[in-house]
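Worksheet: one structure, shown below.
What follows draws every value from the coordinates through simple rules; no lab data is involved. All values reported here derive from a predicted model rather than from experimental measurement. Here the Cβ is made from the backbone with ideal geometry for all residues, glycine too, and neighbour counts use every protein chain on show.
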Amino acid sequence: MRGSLVYGLGLTVYHGWVSNIKDYIFFGSLISDWGYTVIIPEISYHGTRGELNYFDPKVIQKYFWEVVIQTVEEAGDFISELTLHDKIVGVVGNSTGGFAAAGVYANNKSIKSAIIMNGSCAWERFEEHICERDIRTPWTSIDRDRILKLDPAKLTRNMKNKAMLILHGTEDTTIPIDSQKYFMKVIEQNNILNNSVHFVEYSKVNHQITLSMLEESKRWLDERTHI
């Protein structure tokens, strides 16, 4: 998927839980029209890679972190292969794809920018919050150490000379905004990233991508992809 103006700048777009590549064709085409090469990987247990009962709480608890971590771990070789043809400068992700994009960004030096929509950059804090809300035991789906090893909030040292845009609805009941606010506190406390992380909250918005989010994404990309 290539834009009408091909700059050789690539963006990898990660789709969310329940979704698949086909569901993100319009979204990818929109970004492509901004002038970027767009790649949409299919995450595990979605689309051609299998199916789950996505709305079953037990299934979510068992497979959510497995899907996120596998996506991040697969990204290294994937990005290396793509950079042979285009300069992959950034990642974009929504919902579960936002978790994955944040993990890919924090764990790959070649990724210089990221847009995280309705996801989380503080995985441990998110899991703790959800477990408190749902009254359940954390870390049952995968080994805790694997999650903490890739948690973006633990890897702020890898974010120097990079840029991240975080977009989130204040009324998100699926992925509450709390963990993103916590991540921003981590950034502020470390005082190492200055203005490289931009956080925009959208009042009265639940778990969705809005026109305002798309407009902010385009403006930000136009300013940041020179990094």
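Points to keep in mind about this one:
- A P(r) calculated from all alpha carbon pairs of the chain, with 5 Å bins opening at zero, reads 1, 7, 15, 21, 22, 18, 11, 5, 1, 0, 0 percent.
- Unit charges on C-beta of K, R, D, E only; dipole of the chain, Debye: 500 debye
- The order of VAL197, VAL72, going from fewest to most other C-beta atoms within 10 Å of their C-beta, is VAL197, VAL72.
- Full-extension gain in nm, LEU148 to VAL59, via 0.36 nm per residue minus C-alpha separation: 29.9 nm
- When TRP220, TRP17 are arranged by Cβ crowding within 10 Å, least crowded first, meaning fewest neighbours, the order is TRP220, TRP17.
- Simple label model, 7 Å out from Cα along Cβ direction - ASN206 to GLU128, nm: 2.9 nm
- Counting only DSSP H runs of at least 4 residues, each contributing -39500 (n - 2.57), and dividing by the residue count of the chain, the helix-based mean residue ellipticity at 222 nm comes to -13000 deg cm²/dmol.
- Contact order, relative form, for the chain: 18 percent (alpha carbon pairs under 8 Å, 6 or more residues apart, mean separation divided by residue count).
- When the chain is described by a simple charge dipole with +1 on each Lys and Arg Cβ and -1 on each Asp and Glu Cβ, the residue from ILE40, CYS121, GLY16 located farthest towards its positive end is CYS121.
- Net charge, GLY47 excluded, C-beta distance under 11 Å - Lys, Arg +1, Asp, Glu -1: -1
- Protection proxy ranking for 172-180, 51-59, 27-35, using the average of other Cβ atoms within 10 Å per residue and placing the highest first: 172-180, 27-35, 51-59.
- Extended-chain gain in nm, criterion 0.36 nm per residue less alpha-carbon gap, HIS198 and LEU155: 13.8 nm
- Three-way shape label, the range 89-128, alpha-carbon gyration tensor, a/c 1.5: oblate
- Ranking of LYS149, LYS162 by count of other Cβ atoms within 10 Å, fewest first: LYS149, LYS162
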